[in-house]
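First the structure, in the form of structure tokens, and then the observations on it.
Each reported figure results from applying straightforward, stated rules to the coordinates on display, with no laboratory input. Everything numeric in this text was worked out from a predicted model, so none of it was measured. Glycine gets a Cβ as well: all are built from the backbone with ideal geometry, and neighbour counts include every protein chain shown.
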Amino acid sequence: MRLGVRSSASEAFASVSRATFLADVAELSKLRIVLLTAFTAGVGYVLASPAEVDYLRLTFVLLGCMLGAGGASAANQYIERDLDSLMERTKHRPLPAGRLTPTFALAFALACSAMGVALLSVATNALAAGLLALTILLYAGVYTPLKRITALSTVIGAVPGAMPTLIGWAGAQGSLDFGATTLFVIMFFWQLPHFISIGWIYRKDYARAGMPMLTVFDSAGTISARQSLLYSGALLVSSAGPAIAQLCGMWYLMGAIVLGLAFLVLAARWLLHPTIRNAYWVFFSSLAYHATLFSLMLVDRIG
């Protein structure tokens, strides 16, 4: 009887340990960002495809991008583990909390990145694989170190953040054109109010870690809110690109205008009343904006 109890307890402990480990790996890879990256790349792939989408290749594109994004995120946390330990928002992540080792994180980052690039190279084409490799390099090797040096890191980081659209497009066509550029520009401008708002909300955390972000030096919030408003305006204009490139129809265009104006109003409200609450509105609405806009592209695509 006692052996049975001990066996059950051991199994329960092992189950909890596995669940904790998997949760930590998911956090190391920033699973939400991985899924967002895959969705964005998938839309790029579908818009670049003919009427009959090759869903098997799409699956490989999604898997490759997920592996690459997970690897880049793990590399980011490996490099910033000292800074993460200083910030309230990140000190409970697996590395600063000691639940995963730096050696494991580095091996995970390298393995996922290599597998993602290799998968795209074999299943799609060299351009898609090369763009994924470049994205990982820019994110982990350029953007991440620059966060310690310059406030321009947010703008620079928007480049690799926008590249999944190009990876998806290249995976379908093996080349890039004006249509791909319109998607890249949308993603580039979308990220800036998204990250500026969250950066201002947690400005004290970033200051504690010694990161020279613009928001750290903007206690009033007016500069951050003004920049978010400007980038939101650029996003509204650039969101017409897929319709101009004849990737999407009139329903998409009307939806993009309504979404863009609503987002612009929220950014303007933050500028007029620079409060944490209004910054949160910009941040959360940016997530809804992205999901709705890219869904509209799929619904009203011209195939």
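Can you give the charge dipole size of the chain about its Cα centre, rounded to the nearest 20 debye, using +1 on the beta carbon of Lys and Arg and -1 on the beta carbon of Asp and Glu?
Values: 20 positive and 13 negative charges, 181 e Å.
Dipole size: approximately 860 debye.
With r as the distance between the Cβ atoms of LEU110 and ALA23 and R0 = 25 Å, compute the FRET efficiency 1/(1 + (r/R0)^6) and round to 0.05.
Efficiency computed from Cβ-Cβ geometry: 0.70.
Considering only C-alpha atoms, what is the centroid distance from the range 220-279 to the range 158-188, in Å?
When both Cα centres are located, 20 Å separates them.
When the Karplus curve 6.51 cos²θ - 1.76 cosθ + 1.60 is applied with θ = phi - 60°, which whole-Hz ³J(HN,Hα) does each residue of the range 33-50 get, with x for Gly and Pro?
Couplings: 5, 4, 5, 5, 4, 5, 4, 5, 5, x, 5, x, 5, 5, 5, 7, 8, x Hz.
Just to be sure I understand the model, the point goes 7 Å from the Cα along the line to the Cβ. What's the resulting ARG99 to ILE244 distance in nm?
4.6 nm
With Kirkwood's inverse mean 1/r over C-alpha pairs for Rh, give me the Rg to Rh ratio of the chain, two decimals please. Provide the component values of the computation, followed by the final result.
On the way: Rg = 20.7 Å, Rh = 20.4 Å.
Here the Rg-to-Rh quotient is 1.02.
How about LYS204: which lysines have a C-alpha closer than 17 Å to its C-alpha, ignoring those fewer than 8 places off in the same chain?
LYS91, LYS147
Report, by chain and number, residues whose modeled amide H sits under 5 Å from the one on CYS248, excluding near sequence neighbours (fewer than 5 apart, same chain).
Sorted by chain and number, the residues that satisfy this are ALA243, ILE302.
How are the Cα pair distances of the range 150-303 distributed, in percent, across 10 Å bins from 0?
Pair shares across the bins are 12, 39, 31, 15, 3, 0.
Let me have the relative contact order for the range 139-187, percent, based on Cα pairs under 8 Å that are six or more residues apart.
Working: 30 pairs, mean separation 15.4, N = 49.
Relative CO of the range 139-187 lands at 31 percent.
With no solvent and one point on each alpha carbon, what is the Debye value of log10 I(q)/I(0) for the range 18-175 at q = 0.10, 0.15 Å⁻¹?
Listed by q, the Debye log ratios stand at -0.36, -0.76.
Would you mind computing, in nm to one decimal, how far apart the modelled labels at ILE302 and ILE33 are, each placed 7 Å from Cα along Cα→Cβ?
3.6 nm
Using the scaling law 2.2 N^0.38 Å as the reference, what is the normalised Cα Rg of the range 86-162?
For the range 86-162, the normalised Cα radius of gyration comes out at 1.30.
What FRET efficiency comes out for ALA118 versus VAL265 if R0 is 35 angstrom and r is the Cβ-Cβ distance? Round to the nearest 0.05.
The calculated FRET efficiency here is 0.20.
Quick check: pseudo-label points 7 Å beyond the Cα along Cα→Cβ at PHE178 and LEU152, how many nm apart are they?
Spacing of the two 7 Å Cα→Cβ label points: 3.0 nm.
Just want the answer: with Cβ charges of +1 for Lys and Arg and -1 for Asp and Glu, which residue in LEU271, CYS248, SER228 is farthest toward the dipole's positive end in the range 177-303?
LEU271
Hey, if you put +1 on the Cβ of every Lys and Arg and -1 on every Asp and Glu Cβ in the chain, which of VAL155, ALA133, PRO102 ends up farthest toward the positive end of that dipole?
PRO102
Among 184-194, 27-37, 57-67, how do they line up from the highest to the lowest mean number of other beta-carbon atoms within 10 Å? Kindly include the intermediate steps, with their values, before the conclusion.
Values: 184-194: 23.2, 27-37: 18.8, 57-67: 21.5.
With the highest mean Cβ count within 10 Å placed first, the list reads 184-194, 57-67, 27-37.
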